[in-house]
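Student: Take a look at the following structure, please.
The values are calculated or read from the model by the stated rules, or taken from the named source; none is laboratory data. In this text the structure is predicted, and so the values were computed from the model without any measurement. All Cβ positions, even for glycine, are placed from backbone atoms using ideal geometry, and neighbour counts span all protein chains on display.
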Amino acid sequence: MMRSRRIALSLLLTCSLAFFFMNSGFGQQVGSDEQRSTEEKKEIVTQTETEKEKLIPSPKNIKEGTAIYVFVGWMWLSIFVLIYILRLKIKEIDRLYKIKFFSAKRE
């Protein structure tokens, strides 16, 4: 029982880390060839207009970049801690249910 939980937890951790570090482009739109050609033409026109104002979203220095990774790490850690606490609460409720603590016929 404990081994299956460890396997499940390691699988969950591996999948979440894989999705975290993947850059697969899930948000890209898929369209027909005609739509792509007109969209590409529009992109070329807008790129020439905005070449002077090209903005790259990135941290200004290494300190800000590290702060982003620390923040994301704390978020994942807090999620895992909350899941752990929730599992402990569920185990306690199951234990109370098995001993019929909340039953109406309690003496």
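Student: For the list (1) part of a helix (DSSP H, G or I); (2) at pLDDT 75 or above; (3) not hydrophobic (A, V, I, L, M, F, W, C), I need the number of the one condition that PRO59 fails.
Tutor: For PRO59, the failing item is (1).
Student: Do we find that GLU34 is part of a helix (DSSP H, G or I), modelled with pLDDT under 70 and surrounded by fewer than 10 Cβ atoms within 10 Å (Cβ to Cβ) in this structure?
Tutor: Criteria met by GLU34.
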